[in-house]
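Before any comments, here is the structure.
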Protein chains: 2
Amino acid sequence: MKNYISLMLFMFQAASASFAQDSLALKFVDGHELKLSGRAFNSNQNYHRLDSSDRKLLIPRVKELATNSAGLSISFTTDAKTISLQWRLARWLDQWNMTPLAVNGLDLYGLKDGKWSYVASARPTGLNNSAVLVKNLDGQMRDYRLYLPLYTEISEVGVGVPTNATINKSAPPANQKRVVIYGSSITQGASASRPGMAYPSIMARSQNIEVINLGFSGSGTMETEIVDVLAKIPADVYILDCVANPSPQMIKDRAYGFVKKLRTLRPNTPIIMVESIFRETGNWDSQIGARTTQQNMEFRNAYQRAMGDSDKNLHYIFSKDLIGNDHEATIDGTHLTDVGFMRLAEAIGEEVKKVIGK
Amino acid sequence: MKNYISLMLFMFQAASASFAQDSLALKFVDGHELKLSGRAFNSNQNYHRLDSSDRKLLIPRVKELATNSAGLSISFTTDAKTISLQWRLARWLDQWNMTPLAVNGLDLYGLKDGKWSYVASARPTGLNNSAVLVKNLDGQMRDYRLYLPLYTEISEVGVGVPTNATINKSAPPANQKRVVIYGSSITQGASASRPGMAYPSIMARSQNIEVINLGFSGSGTMETEIVDVLAKIPADVYILDCVANPSPQMIKDRAYGFVKKLRTLRPNTPIIMVESIFRETGNWDSQIGARTTQQNMEFRNAYQRAMGDSDKNLHYIFSKDLIGNDHEATIDGTHLTDVGFMRLAEAIGEEVKKVIGK
């Protein structure tokens, strides 16, 4: 039975106020009753990306960022003509180079003609939020996918439909491949315009795969404990997009060991190593340019060393192939806009497709 | 002589604090001493888009929005190796579907190999701001272009370079064509990631033209007084991108008269009428879909009626050609991300190129 009453009272109060004018009685279904994608463990306690036992192993900043819901989505099937939303944030975050929507809000996609297509965005206003996502739908039974906030912790979310509508947990897709990405702020989703435009989620839609987003803003620095966490997650491909944060020296010290440990724990799973995008400011600031070049060089060295060990399942993507060459793909020289993310999703997605053999 | 002391004291204090560690003495040049593009009148009093006599004619909301610096840019030539910035906002604005950077911040482009290329973004923190934009430049004499905030009023801006560097007002480009765009929030720049990514500014860079951005968020509703304001601005092309805000009935009532009045006041200047993008939410919400279709239909009727008067200099761009068909170009179903703006700049830019005969 669906847990219609699991949401806090404030939500129902907000709903009554919002929808009184439509004379539309709504029922809200707790997100935990629907299908959660983008993470590898079950819990109806939270929308964290890693469970508490795994989080314990990690450095404090990563431990905290793992509570952000980046890459998580909730899928459901409904014939509702109106879809509403209520959600509560554990924290509100403002970022100068992201929209409040991407950080604290949600967006909805619907499956139409076999393709995931954007439906609407949910405007965040504070810790407790309520929004009519979309009205005047055609009432056909469809699959929807709701992306959770990229850069904060969401503690509760409920999907509201008219009481006479049907809403069900989406069925798990058959034989869906799973990709796990470890990375930095770019992987976590800075600076997508809305949650669904982070590149792991674009890739998931366009290739019909599940992607686990383990991007940790400013903190994708390849601690050895991270490998244990990654290796515990069954995956068809691991992507290491973790060059942006560590210094060249750190990469020299850590990258080879990181890859080798992952290979030992997962002997047969393809690993794709991805260089850092060349920071656009590096085209002007010679120090930033030199640093990015060195970071990528050290990562390439680690790759070549690992290839020397005859690793047939190790793949590599060069920086120059990632985000085009018109210099218009970033918001601040480092973080990608939707332009950059669409290009990155295509570049990495092509390699994933080859590796998975689709 | 450059007015090195026109900026308020706070700015110098901020500068001293910021740059003490670099032991780098800076001089700040007031923006009014440099070349301002994107508006048609001279004033060293403000960075408004319309002067006070024109603003008086307009409805209150447009009058207010005309104080926002959307589309304005400051150009200078310098051999500095470091470029800093100080700016003061009249108001700070938060928007759920825009970045603080786009609303309250600035971004810098540089001319390299004959092309405008992104350099860096200036992070806004409050009403009084100070930022090192870029360091470690090569010290060659170059042209730079600094885009002002899209959605608020900037009251002062100063460009800082080391005291031993040269900084000059950029020379006005020879025979540069000018395009004036009248429109809605989309024209004003919602939701570009940063000021330079609003579509009028992308078009200006890619076609080497000056574009005057007269987009007024939520208020591009074709009042007859606006025509007087537009017609006063000498232009090579007028673009009317003003279908998004008025109701279908308003468009029916106003569009034909608006175009005819502009034609009377400017008998020989090409006018390009642009339909509204089809609101992405309209693919799902039948009412929104029907409304957008009706808006465009009424605009098309006005075009056909005006063409019936044998207007050879009237051009038209259809909705379907504007932002692609993958439904990934908006942040909220209505406002465009950089993805949408790059597509829109190309679509409208192609028509501008044809009309200007470049």
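The values are calculated or read from the model by the stated rules, or taken from the named source; none is laboratory data. Keep in mind it's a predicted model, so treat the numbers as computed, not measured. Every residue, glycine among them, receives a Cβ derived from its backbone with ideal geometry; neighbour counts consider all protein chains shown.
Residues A:Glu280, A:Glu346, A:Glu275: which one is within 26 Å of the chain's Cα centre (by Cα), within 27 Å of A:Met98 (Cβ to Cβ) and within 9 Å of another protein chain (Cβ to nearest Cβ)?
Selected residue: A:Glu280, the only one of A:Glu280, A:Glu346, A:Glu275 that is within 26 Å of the chain's Cα centre (by Cα), within 27 Å of A:Met98 (Cβ to Cβ) and within 9 Å of another protein chain (Cβ to nearest Cβ).
Residues checked against (1) outside any loop (DSSP other than H, G, I, E, B); (2) closer than 16 Å to B:Ala192 by Cβ:
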residue: B:Leu57; (1), (2): no, no
residue: B:Phe76; (1), (2): yes, no
residue: B:Leu85; (1), (2): yes, no
residue: B:Trp92; (1), (2): no, no
residue: B:Tyr109; (1), (2): yes, yes
residue: B:Gly126; (1), (2): no, no
residue: B:Asn129; (1), (2): yes, no
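Mind listing whichever residues of region A:70-84 are within 14 Å of chain B (Cβ to nearest Cβ) and not acidic (Asp, Glu)?
Answer for region A:70-84, where residues must be within 14 Å of chain B (Cβ to nearest Cβ) and not acidic (Asp, Glu): A:Thr78, A:Ala80, A:Lys81, A:Thr82, A:Ile83, A:Ser84.
Condition check: among the aromatic types (Phe, Trp, Tyr), assigned to a helix (DSSP H, G or I) and buried (at least 16 other Cβ atoms within 10 Å of the Cβ). Does B:Tyr238 satisfy that? Even if it seems obvious, please write down each step before you answer.
On the way: among the aromatic types (Phe, Trp, Tyr): yes; assigned to a helix (DSSP H, G or I): no; buried (at least 16 other Cβ atoms within 10 Å of the Cβ): yes.
When the stated conditions are applied, B:Tyr238 does not pass them.
Restricting to region A:89-107, name every residue that is more than 9 Å from chain B (Cβ to nearest Cβ) and crowded, with 18+ Cβ neighbours inside 10 Å.
Scanning region A:89-107 gives A:Leu89, A:Val103, A:Leu106.
Identify, from the list B:Phe258, B:Phe341, the residue that is touching a residue at least 12 places away in the same chain (Cβ under 8 Å), crowded, with 20+ Cβ neighbours inside 10 Å, out of contact with any strand residue (DSSP E or B) (no Cβ under 9 Å at 6 or more places or on another chain) and not polar (S, T, N, Q).
B:Phe341
crowded, with 21+ Cβ neighbours inside 10 Å and outside any loop (DSSP other than H, G, I, E, B): is that true of A:Ser69 in this structure? Can you show your working first?
On the way: crowded, with 21+ Cβ neighbours inside 10 Å: yes; outside any loop (DSSP other than H, G, I, E, B): no.
For A:Ser69, the condition - crowded, with 21+ Cβ neighbours inside 10 Å and outside any loop (DSSP other than H, G, I, E, B) - is not met.
Confirm whether A:Gly215 is within 14 Å of chain B (Cβ to nearest Cβ) and either surrounded by fewer than 23 Cβ atoms within 10 Å (Cβ to Cβ) or within 21 Å of A:Thr152 (Cβ to Cβ) (or both).
Taking the combined requirement at face value, the residue does not satisfy it.
Restrict the check to region B:257-275 and report whether at least one residue is part of a helix (DSSP H, G or I) and within 23 Å of A:Leu111 (Cβ to Cβ).
So far as region B:257-275 goes, no, none of its residues is part of a helix (DSSP H, G or I) and within 23 Å of A:Leu111 (Cβ to Cβ).
Taking region B:313-340, which residues are among the aliphatic types (A, V, I, L, M) and part of a loop (DSSP other than H, G, I, E, B)?
B:Leu322, B:Ile323, B:Ala329, B:Ile331, listed by residue number.
Please tell me if B:Ser130 is surrounded by 17 or more Cβ atoms within 10 Å (Cβ to Cβ), of a type outside the set (Phe, Trp, Tyr), within 26 Å of B:Ser217 (Cα to Cα) and modelled with pLDDT of 95 or more.
Details: surrounded by 17 or more Cβ atoms within 10 Å (Cβ to Cβ): yes; of a type outside the set (Phe, Trp, Tyr): yes; within 26 Å of B:Ser217 (Cα to Cα): no; modelled with pLDDT of 95 or more: yes.
For B:Ser130, the condition - surrounded by 17 or more Cβ atoms within 10 Å (Cβ to Cβ), of a type outside the set (Phe, Trp, Tyr), within 26 Å of B:Ser217 (Cα to Cα) and modelled with pLDDT of 95 or more - is not met.
Could you go through region B:195-208 and let me know if any residue there is more than 14 Å from chain A (Cβ to nearest Cβ) and either in contact with a Pro (Cβ under 6 Å, 6 or more places away or on another chain) or of a type in the set (Phe, Trp, Tyr) (or both).
Taking every residue of region B:195-208 in turn, none turns out to be more than 14 Å from chain A (Cβ to nearest Cβ) and either in contact with a Pro (Cβ under 6 Å, 6 or more places away or on another chain) or of a type in the set (Phe, Trp, Tyr) (or both).
Mind checking which residues of region B:124-140 are free of Cβ contacts under 8 Å to residues at least 60 places away in the same chain, under 17 Å from B:Val159 (Cβ atoms) and of a type in the set (Gly, Ala, Ser)?
Result: B:Ala131, single match.
Checking A:Gly114 against (1) over 30 Å from B:Asp107 (Cα atoms); (2) within 12 Å of chain B (Cβ to nearest Cβ); (3) of a type outside the set (A, V, I, L, M, F, W, C), only one condition comes out false. Which one?
Here A:Gly114 meets the rest and fails (2).
Being buried (at least 24 other Cβ atoms within 10 Å of the Cβ) and not hydrophobic (A, V, I, L, M, F, W, C) is the filter; apply it to region A:108-123 and report the residue that is nearest to A:Val157 (Cα to Cα).
Only one residue tops the list, namely A:Ser121.
So, in region A:117-152, of the ones that are more than 7 Å from every other protein chain (Cβ to nearest Cβ) and aromatic (Phe, Trp, Tyr), which residue ends up nearest to A:Ile167 (Cα to Cα)?
The extreme case among them is A:Tyr144.
Quick test for you: out of B:Lys320, B:Lys358, pick the one residue that is closer than 30 Å to A:Ala80 by Cβ and modelled with pLDDT under 95.
None of the other options fit; the residue is B:Lys320.
Only one of (1) touching a helix residue (DSSP H, G or I) at 6+ places or on another chain (Cβ under 8 Å); (2) buried (at least 16 other Cβ atoms within 10 Å of the Cβ) fails for A:Met297. Which number is that?
(2)
I need the full set of residues from region A:302-343 which are touching a helix residue (DSSP H, G or I) at 6+ places or on another chain (Cβ under 7 Å), more than 14 Å from chain B (Cβ to nearest Cβ) and not β-branched (Val, Ile, Thr), in order please.
Answer for region A:302-343, where residues must be touching a helix residue (DSSP H, G or I) at 6+ places or on another chain (Cβ under 7 Å), more than 14 Å from chain B (Cβ to nearest Cβ) and not β-branched (Val, Ile, Thr): A:Ala302, A:Arg305, A:Ala306, A:Asp311, A:Leu314, A:His315, A:Tyr316, A:Ser319, A:Asp321, A:Leu322.
In region A:83-131, how many are closer than 24 Å to B:Trp284 by Cβ and of a type in the set (Lys, Arg)? Break it down into steps so the answer makes sense when it comes.
Of the residues in region A:83-131, the ones closer than 24 Å to B:Trp284 by Cβ are A:83-87, A:99-102, A:104-125, A:129-131.
Keeping just the survivors that are of a type in the set (Lys, Arg) gives A:112, A:115, A:123.
The qualifying residues number 3.
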